[in-house]
């Protein structure tokens, strides 16, 4: 009985064990599947999170492109490869040094190779050179993928585009003032600039900077009817791709940040104020003009002591008379003259598309300040503001707003400051400054371009004192029969050239070797003439 029971129990236990084992196996399999699914999901989510983080990081780094008016990219964000190496992992340093020298002949890595710290062999390495590095078979190289801001034209738009910092934030120029638009949208920012025109103007400025040994220079080309700036160059400039901190004041944007006394270019505004106030006409005669006068004990004299004593208002501007300009301003009156300059936006800091804008030096108005301001002495402004003022004078007297940003809609003219009739009168006089023998800008009288304008030669102030160094400026309008463009050319501290050959375009085949006088008529006018000769045909075809 007992044996039978034991056998029976044994069989029963065996069966139970079998059932238990199958259940355990099944449960284990279920748990295994769940674990695999969970692990896969975790890994997927982990990678997804990494990819999301990478996407967010890339979005943080991404900046939209900047293009010129013709759709040419002048700033863009691209993927780049940075190539680095850890010297501690190298086996044959001497062999690698030789190989690197063959690939990068202008660089010397000896100090870094023999050091202990990781260093970059080349940031933003080209695909060609990266391929050569890979063929060396050196496994200690480290490739680092990144996103970088590149500027295809290097120096060409440096002062306008500005720079970004290592965190991808705009710190100057368009990159700063349009930082939000560039970092929150894929839509490019389109500028009014023309790359071809910018290149040609910069080339001429560089050429004449060498000829006249200038400390610096600037040129602005603007449409007088809508304020669109086609070119703005300031020298010296810098390569935006280098991304260096610049402390040298020579590298300021002279077009917008530079504040200067500009001299006789202000005499145009004096005449315009007189005509608009109806206190003079262009043929109003000023008789017995003295060569010298005193104001508050200070002597004011004519620059050209051979200037006639009897001059009409028109002739005062053509011959650039100081005393005659004072007499016109006195007829206008202090308050009216001041308001006229304010309406032209010459006295206060102007609003612009970039933040690097200078503030004209404030002063206290009085009888003597009225006198000196009449001929551009003791009053400051920026070349940008000068361009705007001349545009208003030439376009029929309408206010415009200078801009670097291309608008979808046509820009409209603003308030009319002077009448169309007075605008036309002044334009004719500005043309005579170029065409007449007595004019100070007759070197710019080249066939087919109808250039008009006014010169300005001023002493440069250094630490509040006048020096012998010059600021030479030419404000030109062309073509004057149907005015469209203003071109401002300013040379900072130009010097005489002993070898430069001046050629007159009067049909007499006249030439002069060497610069006879360090004035705008012999420096800035010559630069502007050469610029207009280069860009005039292109402007005529394009615009």
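I'd like to know if the range 422-441 contains one or more residues that are in the same structural domain as residue 519 (by TED's automatic domain parsing), modelled with pLDDT under 95 and within 28 Å of the chain's Cα centre (by Cα). Scanning the range 422-441, I find no residue that is in the same structural domain as residue 519 (by TED's automatic domain parsing), modelled with pLDDT under 95 and within 28 Å of the chain's Cα centre (by Cα), so the answer is no.
Restricting 186, 153, 168 to residues that are assigned to a loop (DSSP other than H, G, I, E, B) and in contact with a helix residue (DSSP H, G or I) (Cβ under 6 Å, 6 or more places away or on another chain) narrows the list to 168.
Per the listing 176, 129, 124, the residue uniquely within 30 Å of residue 200 (Cβ to Cβ) and assigned to a helix (DSSP H, G or I) is 176. Residues satisfying the criterion are present in the range 347-355 (criterion: within 30 Å of residue 179 (Cα to Cα) and touching a strand residue (DSSP E or B) at 6+ places or on another chain (Cβ under 7 Å)). Look at (1) surrounded by fewer than 22 Cβ atoms within 10 Å (Cβ to Cβ); (2) within 34 Å of the chain's Cα centre (by Cα) and you find that residue 305 fails only one, number (2). Tell me the residue from 461, 457 that is at pLDDT 95 or above, outside any loop (DSSP other than H, G, I, E, B) and under 20 Å from residue 254 (Cβ atoms), please. Selected residue: 457, the only one of 461, 457 that is at pLDDT 95 or above, outside any loop (DSSP other than H, G, I, E, B) and under 20 Å from residue 254 (Cβ atoms). Looking at the range 522-543 only, could you name the residues that are in contact with a helix residue (DSSP H, G or I) (Cβ under 7 Å, 6 or more places away or on another chain), assigned to a helix (DSSP H, G or I) and either within 16 Å of residue 444 (Cα to Cα) or outside the structural domain of residue 450 (by TED's automatic domain parsing) (or both)? Listed by number, the residues that qualify are 525, 526, 527, 528, 529, 530, 531, 534, 535.
Identify, by number, the condition in (1) crowded, with 19+ Cβ neighbours inside 10 Å; (2) over 26 Å from residue 302 (Cβ atoms) that residue 373 doesn't meet. Only one criterion in (1) crowded, with 19+ Cβ neighbours inside 10 Å; (2) over 26 Å from residue 302 (Cβ atoms) is unmet by residue 373, namely (2).
State which residue is farthest from residue 85 (Cα to Cα) when the search covers only the range 137-152 and only residues that are exposed (fewer than 12 other Cβ atoms within 10 Å of the Cβ) and free of Cβ contacts under 8 Å to residues at least 60 places away in the same chain. If we take residues in the range 137-152 being exposed (fewer than 12 other Cβ atoms within 10 Å of the Cβ) and free of Cβ contacts under 8 Å to residues at least 60 places away in the same chain, then 137 is farthest from residue 85 (Cα to Cα). Within the span defined as the range 407-429, every residue fails to be surrounded by 21 or more Cβ atoms within 10 Å (Cβ to Cβ) and in contact with a strand residue (DSSP E or B) (Cβ under 7 Å, 6 or more places away or on another chain). Total residues in the range 294-313 satisfying the condition of being assigned to a helix (DSSP H, G or I) and without any contact (Cβ under 8 Å) to a residue 40 or more places away in the chain: the figure is 0. On the stretch given as the range 363-383, residues that are within 12 Å of residue 347 (Cα to Cα) and not in a loop (DSSP other than H, G, I, E, B) total 3.
Residues that are at negative phi and in contact (Cβ under 8 Å) with a residue 24 or more places away in the chain within the range 339-350 comprise 340, 341, 343, 344, 346, 347, 350, listed in sequence order.
When the residues of the range 342-370 are filtered to those that are under 20 Å from the mean Cα position of the chain (by Cα) and under 16 Å from residue 227 (Cβ atoms), the one that is surrounded by the most Cβ atoms within 10 Å (Cβ to Cβ) is 354. Across the range 314-338, the qualifying residues are those that are free of Cβ contacts under 8 Å to residues at least 60 places away in the same chain and not in a helix (DSSP H, G or I), and the one among them that is farthest from residue 262 (Cα to Cα) is 333.
Would you check if there is a residue in the range 487-508 being crowded, with 23+ Cβ neighbours inside 10 Å, assigned to a helix (DSSP H, G or I) and in contact (Cβ under 8 Å) with a residue 60 or more places away in the chain? Scanning the range 487-508 turns up no residue that is crowded, with 23+ Cβ neighbours inside 10 Å, assigned to a helix (DSSP H, G or I) and in contact (Cβ under 8 Å) with a residue 60 or more places away in the chain. Looking at residue 167, is it within 30 Å of residue 406 (Cα to Cα), loosely packed, with under 13 Cβ neighbours inside 10 Å and outside the structural domain of residue 497 (by TED's automatic domain parsing)? So residue 167 fits the description; yes.
The values are calculated or read from the model by the stated rules, or taken from the named source; none is laboratory data. This structure is a prediction, so every number in the text was calculated from the model and none was measured. Using ideal geometry, Cβ is built from the backbone for each residue, glycine included, and neighbour counts are taken over all protein chains shown.
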